[in-house]
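The values are calculated or read from the model by the stated rules, or taken from the named source; none is laboratory data. Predicted model, so just to flag it, every value in this text is computed and none were measured. As a convention, Cβ positions derive from the backbone with ideal geometry for all residues, glycine included, and neighbour counts pool all protein chains shown.
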C-alpha cells in the first residue's frame, strides 16, 4: 500500500538497530507504577534521601562560588585527575590496585559499558552474558548489534562449566566471542554473588580462552555481611575491564562512574569518550570529589547498607509468610534485588496488568533476556520503598499470584502469549 | 476562563492519557490564548482543589477505567462542574463493549456476533467445554478482548483452537470479563463524531493499515509502523454508510459532544461496528487528530468549541 501517511517522514531512514525501539504494553503499565498508590518493587532507584543533602547542597554552592571557572568549564576527556586518584581509594575496598592513569571517568558506568562495547564489538560479534543479565547492558549490546548469548547461573552466579561449554559451542559455530559481561557481586537482577572460588574459576577460563571480562560492580560495597567481595580485576589487570559507579554509594543523579582498563584499551576508551561526550561533567565530578574529600563517605555507605538490609529483610520475611507455595526466590547478600520464580506454569509478563491493577509492580523476567526466557520469573527490588510499603507490596503481589494460579488452573499452563514488541523493562526513573 | 484538562489516572492507558492531555491542553492554549488551560492528574487531592478553586470547565481525557466508565464524570456531575464529553451513564454503556454492541445492533448497525464471559464461567463449566462451544458458536478466526478497556491492551486475534487459552489468559489479565468476537476481514476505519449546532457530524474516516496486520499497542503508538489514509479509500456510498453507522452509534448510546467509533468495512462494503470511545486518544499518532486535520479543522478550535458547548449547558 502507498500514498498514505505514516506520521513519521523518516520511517524508511532509520538504522536496522532502531528496529526494536517501539512503544510497548509493558512500558505503558510501568507508567502507572510511578503513581504513589502503587507499591513499586520494579524500579532500581537508590534511596538518595538518606544522603547528607545539606552537606551536598553546601558543596554544590561552594564549588560554583569558589571554583566556578573550573567546574563550569570543559574538562579532560579521561576525567578529573584528583577524582581518578580518589577512585583508587574507593576501589581498594574491593582489592583493586591501579594507577590514576588506568581510570577513565564516565557519565555513569552505563557510558563506560557503551564505550567498551563500541571499542570492541562489530555487528555480529558475540557477547556472553549471564542468564539473566542487566537490562541496561543488553540494551547497549543490542544497540551495537552484538550477538548476545546467555550463560546459565546458579545460586553462586555464573556457572564455570556452563561458561566453558558455551564458549566451545559458540566457537564451533564459527562465531567470534568478544567478551564476557558479568556482575559478580549482588547481581542485577538475580540477587546472587559469585564466591571467591567461583571468581577464580571464571578468571582462569577467561585467561585460558583469551576472553576479555567486563566486570560490572555497581553494588560491590553494598554487601550486608562482612567485607566487600574481592573484585575479579583485583587478580588480573590485563584480562579484565572493571566498571564502577557512584550511583549507589553516593547519588545516581550525579551520573559519575568509571572504568579501569589495561593501557591499550583505556587509550581507546578515552578517544571514544571524547567523540561521544567530549568529557564527563566537571561539575558532577568535582561534586563527587569534594564529597569524598570532606564527608565520611565510608560511614554513609554503612548507612545505605543498613537501610537496604532492613528492606531486604522486610521483602524476604513477607514473601516467606505470604507467597503461595511453589514460589521461590534468591536471598541477596547485598545490592537491591531478589529474583523470584513463580509457581509452575505462571507467566510474569502476562500477569503484570493484573498486578498493576492491584497496585503493585515488578519487572517481568523477560526483560533480562534476549531470547524469550524468563517468563516464569520476575525481579523485585527493595531499594526504594520503606519496609511497611514492601510488606504491603508483597501482600498485594501474593494475591495477584493466587488469582493467576486460578486462571492457570482454568485454562491450563504453558500457553505463550503473542509477544509484544518494545522493551519489557522500565525507564531508569521508575521508582 | 479556566479550563482543566484531566489526564493520567491509574488505568493501563495512563501514559496514553497523559500524552493526549498534554496535546489537547497545548492546542487549547494556542487556539484560545486568553484562556487559562491547566493539566492535572487524577488523585486524592483533586476534589479538594476542585472545591477550593473550581475551573469553568473540565476536559476529561482519562482513557480506560474511571475515565471512560463514567466514574469520574459522575463525580464531576455531583460537583456541578461542566465538562466536555458524554455523561456518566452513557459513558458506562459505551465503555462496556458487549452492552454497546447490543444497543448499536438494535439500531440497525451490523456488529460481529460476540459472547462475553467472566472467568467464573470457564471455571464452573470447564474451560475445554466452554471453548469448544465458543468455537462452534463463533468459529475461527475470532478476536478475544477484555470487555472493558482500550488501546488494544489484552487483545488477540485467534486463528485456531490451540491459540485460544493463551488469548483468554491475556484478556483476563486486564479484566474479569472477556469478549470473544467473530473476526471480520476487511478495512479497519475509525470515525470521529463531533456535535455541532446542526447535530452530530462524522469526521472523515481514518483508514488504518498496520505493517504487521494487527493494530496492537506498538502499532498504535510507534510512529511509522502504521499507514493511514484520510479520508479512507472507500466508495462514496460505503463511506457514507460508515459515517452513518458512527453517528448512529453516537446517538443510540446517548453520547455527547464527541466520540470515536471503530469499524471494519468488509468486502461487501458493510460497516461493522466494533466499539466506541468517549475519550478518544489525542496523541501524536491518534486517529481523531488526523481526521480533524483532514477536515481542515484546527484541533484547538474544535476542542474550544466543545468547551464552549459544555459551558452553555450550565
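Is it the case that region B:219-240 has a residue that's touching a helix residue (DSSP H, G or I) at 6+ places or on another chain (Cβ under 9 Å) and away from chain A (no Cβ under 14 Å)? Looking through region B:219-240, none of the residues is touching a helix residue (DSSP H, G or I) at 6+ places or on another chain (Cβ under 9 Å) and away from chain A (no Cβ under 14 Å).
Which members of region A:32-48 meet the condition of being within 8 Å of chain B (Cβ to nearest Cβ) and either modelled with pLDDT under 85 or under 20 Å from residue B:221 (Cβ atoms) (or both)? Those that are within 8 Å of chain B (Cβ to nearest Cβ) and either modelled with pLDDT under 85 or under 20 Å from residue B:221 (Cβ atoms) (or both): A:32, A:35. Residue A:67 meets all of the listed conditions (1) in contact (Cβ under 8 Å) with a residue 40 or more places away in the chain; (2) within 14 Å of another protein chain (Cβ to nearest Cβ); (3) farther than 23 Å from residue A:252 by Cβ but one, namely (2).
Residue count for region A:251-280 under the criterion of being crowded, with 24+ Cβ neighbours inside 10 Å and out of contact with any strand residue (DSSP E or B) (no Cβ under 9 Å at 6 or more places or on another chain): the result is 0. Within region A:1-27, if we keep just the residues that are within 18 Å of residue B:283 (Cα to Cα) and either surrounded by fewer than 10 Cβ atoms within 10 Å (Cβ to Cβ) or over 32 Å from the mean Cα position of the chain (by Cα) (or both), the residue that is farthest from the other protein chains (Cβ to nearest Cβ) turns out to be A:9. Screening the candidates A:29, A:56, A:63 for the property of being outside any loop (DSSP other than H, G, I, E, B) and modelled with pLDDT under 90 yields one hit, A:29. Test residue A:226 against the stated conditions and say whether it is under 19 Å from the mean Cα position of the chain (by Cα) and either at pLDDT 95 or above or not in a helix (DSSP H, G or I) (or both). So residue A:226 does not fit the description; no.
Do we find that residue A:244 is outside any helix (DSSP H, G or I), in contact with a helix residue (DSSP H, G or I) (Cβ under 7 Å, 6 or more places away or on another chain) and not assigned by TED's automatic domain parsing to the domain that holds residue A:308 in this structure? Steps first, answer last, please.
Details: outside any helix (DSSP H, G or I): yes; in contact with a helix residue (DSSP H, G or I) (Cβ under 7 Å, 6 or more places away or on another chain): yes; not assigned by TED's automatic domain parsing to the domain that holds residue A:308: yes.
Taking the combined requirement at face value, the residue satisfies it.
Among the residues of region B:1-28, those that are buried (at least 16 other Cβ atoms within 10 Å of the Cβ) and away from every other protein chain (no Cβ under 14 Å) comprise B:3, B:4, B:5, B:6, B:24, B:25, B:27, B:28. Considering the conditions (1) surrounded by fewer than 19 Cβ atoms within 10 Å (Cβ to Cβ); (2) more than 14 Å from chain A (Cβ to nearest Cβ), residue B:284 is excluded by exactly one of them, (2). Filter region A:120-171 down to the residues that are without any contact (Cβ under 8 Å) to a residue 60 or more places away in the chain, assigned to a helix (DSSP H, G or I) and over 16 Å from the mean Cα position of the chain (by Cα) and list them by number. Those that are without any contact (Cβ under 8 Å) to a residue 60 or more places away in the chain, assigned to a helix (DSSP H, G or I) and over 16 Å from the mean Cα position of the chain (by Cα): A:160, A:161, A:162, A:163, A:164, A:165, A:166, A:167, A:168, A:169, A:170, A:171. Per this entry, residue A:93 is counted among residues that are within 22 Å of the chain's Cα centre (by Cα), more than 14 Å from chain B (Cβ to nearest Cβ) and either in contact (Cβ under 8 Å) with a residue 60 or more places away in the chain or not in a loop (DSSP other than H, G, I, E, B) (or both). There is at least one residue in region A:363-374 that is within 14 Å of chain B (Cβ to nearest Cβ), touching a residue at least 60 places away in the same chain (Cβ under 8 Å) and more than 30 Å from residue A:237 (Cα to Cα). Filtering region B:251-258 for residues that are at pLDDT 95 or above, more than 14 Å from chain A (Cβ to nearest Cβ), within 25 Å of residue B:110 (Cβ to Cβ) and part of a strand (DSSP E or B) leaves a non-empty set.
Here are some residues: A:365, A:393. Which one is out of contact with any helix residue (DSSP H, G or I) (no Cβ under 7 Å at 6 or more places or on another chain) and crowded, with 22+ Cβ neighbours inside 10 Å? Spell out the reasoning first.
Details: A:365 fails: out of contact with any helix residue (DSSP H, G or I) (no Cβ under 7 Å at 6 or more places or on another chain).
Going through A:365, A:393 in turn, the sole match is A:393.
Is it true that some residue in region A:291-302 is free of Cβ contacts under 8 Å to residues at least 12 places away in the same chain and more than 26 Å from residue A:381 (Cβ to Cβ)? Yes, that holds for at least one residue.
Counting only residues that are within 14 Å of chain A (Cβ to nearest Cβ), closer than 27 Å to residue B:102 by Cβ and in contact with a helix residue (DSSP H, G or I) (Cβ under 6 Å, 6 or more places away or on another chain), region B:191-216 holds 2 of them. Residues in region B:10-54 that are under 22 Å from residue B:90 (Cβ atoms) and not in a helix (DSSP H, G or I) were compared, and the one that is modelled with the highest pLDDT is B:42. Applying the condition of being surrounded by fewer than 23 Cβ atoms within 10 Å (Cβ to Cβ) and more than 9 Å from chain A (Cβ to nearest Cβ) to region B:167-178 and asking which residue is modelled with the highest pLDDT yields B:177.
Screening residue A:101 with (1) part of a loop (DSSP other than H, G, I, E, B); (2) away from chain B (no Cβ under 14 Å) gives one miss only, at (1). On the basis of being more than 9 Å from every other protein chain (Cβ to nearest Cβ), in contact with a helix residue (DSSP H, G or I) (Cβ under 7 Å, 6 or more places away or on another chain), assigned to a helix (DSSP H, G or I) and touching a residue at least 24 places away in the same chain (Cβ under 8 Å), does residue A:87 make the cut? No. Residues of region B:161-190 that are free of Cβ contacts under 8 Å to residues at least 60 places away in the same chain and touching a helix residue (DSSP H, G or I) at 6+ places or on another chain (Cβ under 9 Å): B:161, B:164, B:165, B:166, B:168, B:169, B:170, B:172, B:173, B:175, B:176. In the set (1) within 14 Å of another protein chain (Cβ to nearest Cβ); (2) in contact (Cβ under 8 Å) with a residue 24 or more places away in the chain; (3) crowded, with 20+ Cβ neighbours inside 10 Å, the condition left unmet by residue A:407 is number (2). Scanning region A:339-354 for residues that are under 20 Å from residue A:44 (Cβ atoms) and more than 9 Å from every other protein chain (Cβ to nearest Cβ), we see that the one that is modelled with the lowest pLDDT is A:349.
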